[in-house]
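Structure, as structure tokens:
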Amino acid sequence: MNPRPGFVLEVDRSTPPTLMWKGESFGLQKLPTGSRIVYAPEPFDALEDPQGAIRDALENPTGDQKPLSALLFAGMRLTICFDDISLPLPPMLAPDIRQMVIEAVLDQAAESGVDDVVLIAALALHRRMTEPELRHALGSRVYDAFAPHGLLMQHDAEDPSNLIHLGQTDHGEDVEINKRAAESDLLVYVNINLVAMDGGHKSVATGLASYKSLRHHHNPKTMRHSKSFMHAPSSELHSANWRMGRLIKDSGVNIFQIETTLNTNTFPESFQFLQKREWEWGIKDRMAFAASSRALDLAPRKMARNILQGIKAPHALRTVYAGEVEAVHEKITADVWEQQGVAVSGQTDIVTMGLPYISPYNVNSIMNPILVACLGLGYFFNSYRGKPVVREGGVAILFHPTRPEFHPGHHPSYIDFFEQVLTETTDPVVMSERYEEAYATDPWYIHLYRTGHAYHGVHPFYMWYWCSHAMEHLSKVIIVGGDPATVRRLGFQSATTLDDALEMAKDSVGMSPTITHLHTPPLLMADVT
Amino acid sequence: MKALIIERKVSRFAAARLVSSFGSGRGAALGPLRLFDTPAPKDLGPGWFSVTPVLAGICGSDLATVDGRSSHYFEHLVSFPFVPGHEVLGVMNEAGFDAFGDPLLEGDRVVLQPVLGCAARGIQLCDACREGDVGRCQFLNVGHIRAGLQTGYCADTGGGWSEGPLRAHQSQLYKVPDALSDDDAVTIEPMACALHGALRAHHSGSSTVAVLGAGTLGLGVVAAFAFLAATGRSPRPSRLIVGARYPSQRAVAKHLGADEAVPTDQLARSVRMATRSMISGKSNGKMGPLTGGADIVIDCVGSAESLKESLEIVAPGGRIVMIGMPGKVNVDLAGLWQREVEIVGAYAYGVEHLDGVTVPTFSLAMEMVAHHHTGTLVSAHYPIDRFEEALAHAGAAGPRGAVKIVFDLGRKKATEKKEG
Ligand SMILES: [Zn+2]
């Protein structure tokens, strides 16, 4: 049976209330009659033989690249890079897709007599993964074969001895990436294409880059001109990565790109109701909702967080392609759209979103206020093709408690960013001029990034820049249930209920605005016409 | 005349200590301070004049005394019973002379430089007093008047918290310029302390200065750096960061010229960021000591916690200036030794040496008060009858959005400026 596609529901009097995420809890929310709810397509079926599909992709490459076995030879230097903890969301049940792909690549390498193999987590400026996280992503067999010998590395964007400058693009962008990866005879990159902006040239050009290189596209100007990060033709970020990727290729770096899509089977059995349509909830779903929402509301915050962060998604491999970067990426992006795309006709005055407990940057961590903004205005707002779901001058209403809580080990510079930068300005351009360099070059942050498990000092700026397209596009951002002082610090407005928020939105969108709710997760991408 | 008086009654000091644990200034209710009808102090001889207080401030050291929290160190530097109050604006009841030997007329407004040094005591001037550096006088309990480091701690002179006259020595008297309001004038004494403390920092234009605490003294220190820079007397510190508990204090600190004014628990974070230091030790929830830090920390609190924090955020080779009156503290000084940190006291005032010019701190303070109009820091006036309320207000000034609380000795009704 084919899964049902995504669709847009119009709320009438008989529509049951809709599930609304509020960070580390969720509830049911009645939306005004006439509102639209955008539902994600149902998850596609899992591949029956994922290992077979992976082997098949490695031997039948896409685009102008040889089969993997033809690229492997004894005495060569092979480097396998892989996406970090930020993907997929939530983390998937073992075996992780990275483990499956890397085991297949290693089997081939062993057959070909390759013995100089290094694995690198492509962190860019993300935090280093912990041993349990690495074991989960790679499987203990791979971990134990590489880590004890120093052959499992995490990319260090601040280690000059392990970076190489390959040149400048015709736009004057420095391309500086991981030296071991660049100097290998073959660089295999293992992607998880959770959303359309993942993968392609971004994998190497961003995931393995230095700060010096990243700053050319991770800045307010580029990010603001990336209308929909998910839709390549209108994304400046994409263009910059493509220029850099082509330079990397022209420098002689031989990349064998492996990209994968997972289905959007996001929640395990006990939480399946979270991805079902409310009117189809059975007795079991209703009981599970009642029990879990009550438990999360009553549990101490730390416990609620642990319960949710402990969720492992039953994601399954749906498609896999390997070969030349651009050709592979084109195919995979089409698959992502097929799984996540929903046709939405016409923009709305108000978009509402319930923000869940997790974003790419707080796996096993805390979703701090900056990440709240980023999930709503960076991630979800930009999940469109054509034009944003909400019209220019419209209003975004987010549901999230937005507490001033931070993970001191993972997000140390976020605390300073919140206390120092945001008390002075929320303008991405002003903050980039006034503060970015101090944060990016701060020796303590660099130390924590390199030796601890901290995001790079500059990372909160990138999160904020990512919101800049939405902030410019919208006339107002309202957070329902958010800590008022924190919400104000972010430059947004806080409301206690949806009704309050709608009242506050009136002066921007009039007395009878159109409302569209994004029912996500599971992830969806709006094809707005 | 009505005056507030502190007597030596051990039981009352003990009661005050107990009560004040519920909030600074609360000791007034049960403590050693009582309102009496009392004769005016006797004439103390040539050079002494009768002055009637107009406004008298309540300062942190007064609260400590009233609450029974003062260090035993001061036992030999006070004489009981005494009328407190050393931040005094008054009027001359007779013609006289000021500290420079210039004539004063009856009715002239004067502020008291309250130190009772060698000149006031009628003895041969000690080395410090000869230089005008009265704060460092070494003979505070000898001479023809009884012990007392300042007016407001001496049994013979009277003090500011009194409706009737006190006795002031010529060496203590400074004429108030007409341009200063009464509120401005009553802040001259605390601003002189702040100015002296700021100058004890020996900062340069490349110094990062952290100020801990933003009551009258902390805000005064910020004002002092701004004033010294504006008048070309010393460079602005490269960065001036203030840790203040209350939002109103942070707003005033910024207004007076702080680059950053952050909540107290954010000061270490801010100093780290500004000085690009690392953090040593574990960062489990709380930050450990900085590996670098501020060149100068000005501790305007004077508690064990504030000194500990000062030591954690001061740079190696740096300097901690203690302006807030400390007492007995239990602090680990290993870092001070290993990092060659200096801790210096900054008590009162005397003379300042600026570019080879020696000028009394009080004269400089008057200029600074005129520059900033620090009378705006006076938040409420109380009649002496309502001293319990006044002291409670002073003890809770920060949380109530207030800075300086004063007694208005001519008035019968309390007035409070609009807060916020
Ligand atoms: Zn002397």
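For the reader, a short list of remarks on this structure follows.
- All positions within the range A:130-161 that are open to solvent by less than 40 Å² (accessible area, probe 1.4 Å), in a helix (DSSP H, G or I) and free of Cβ contacts under 8 Å to residues at least 40 places away in the same chain: A:L134, A:Y143, A:F146, A:A147
- Yes/no for B:L166 being buried (at least 24 other Cβ atoms within 10 Å of the Cβ), within 13 Å of the ligand (Cβ to nearest atom) and modelled with pLDDT of 95 or more: no
- Residues of the range A:293-313 satisfying the condition of being without any contact (Cβ under 8 Å) to a residue 40 or more places away in the chain and either touching a helix residue (DSSP H, G or I) at 6+ places or on another chain (Cβ under 7 Å) or surrounded by 13 or more Cβ atoms within 10 Å (Cβ to Cβ) (or both): A:A295, A:A299, A:M303, A:N306, A:I307
- Residues in the range B:291-334 that are farther than 14 Å from B:L212 by Cβ and within 14 Å of chain A (Cβ to nearest Cβ) were compared, and the one that is most open to solvent (accessible area, probe 1.4 Å) is B:T291.
- The residue that is farthest from the other protein chains (Cβ to nearest Cβ), counting only those in the range B:117-135 that are touching a residue at least 40 places away in the same chain (Cβ under 8 Å), within 9 Å of the ligand (Cβ to nearest atom) and not in a helix (DSSP H, G or I), is B:G117.
- Selected residue (only one of A:F380, A:F406, A:F399 is touching a residue at least 24 places away in the same chain (Cβ under 8 Å) and open to solvent by less than 10 Å² (accessible area, probe 1.4 Å)): A:F399
- Listed conditions (1) touching a strand residue (DSSP E or B) at 6+ places or on another chain (Cβ under 9 Å); (2) assigned to a helix (DSSP H, G or I); (3) among the charged types (D, E, K, R); (4) buried (at least 19 other Cβ atoms within 10 Å of the Cβ) are all met by A:R318, apart from (2).
- Put simply, of B:V378, B:V403 the only residue that is in the same structural domain as B:P84 (by TED's automatic domain parsing), β-branched (V, I, T), open to solvent by 10 Å² or more (accessible area, probe 1.4 Å) and in contact (Cβ under 8 Å) with a residue 40 or more places away in the chain is B:V403.
- Enumeration of residues in the range B:236-268 that are touching a helix residue (DSSP H, G or I) at 6+ places or on another chain (Cβ under 6 Å), assigned to a helix (DSSP H, G or I) and within 11 Å of chain A (Cβ to nearest Cβ): B:Q266
Condition check ((1) open to solvent by 10 Å² or more (accessible area, probe 1.4 Å); (2) within 14 Å of chain B (Cβ to nearest Cβ); (3) under 23 Å from the mean Cα position of the chain (by Cα)) across all residues:
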| site | (1), (2), (3) |
| --- | --- |
| A:H410 | yes, yes, yes |
| A:Y414 | no, yes, yes |
| A:T423 | yes, yes, no |
| A:V430 | yes, no, no |
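- Test: B:G101 is under 24 Å from B:V406 (Cα atoms), more than 15 Å from the ligand (Cβ to nearest atom) and either touching a Leu at 6+ places or on another chain (Cβ under 8 Å) or not in a helix (DSSP H, G or I) (or both): no
- Tally, over the range A:262-275, of residues that are under 22 Å from the mean Cα position of the chain (by Cα) and either closer than 15 Å to A:S293 by Cβ or not in a loop (DSSP other than H, G, I, E, B) (or both): 6
- Among (1) open to solvent by 20 Å² or more (accessible area, probe 1.4 Å); (2) out of contact with any Pro (no Cβ under 6 Å at 6 or more places or on another chain) - the single one B:M92 does not satisfy: (1)
- Residue in the range A:471-483 that is open to solvent by less than 10 Å² (accessible area, probe 1.4 Å), farther than 30 Å from A:Q272 by Cα and assigned to a helix (DSSP H, G or I) present: no
The values are calculated or read from the model by the stated rules, or taken from the named source; none is laboratory data. All values reported here derive from a predicted model rather than from experimental measurement. Glycine gets a Cβ as well: all are built from the backbone with ideal geometry, and neighbour counts include every protein chain shown. With ligands, DNA and RNA removed, areas are computed over all heavy atoms of the protein, side chains included. Shrake-Rupley method; radii C 1.70, N 1.55, O 1.52, S 1.80 Å.
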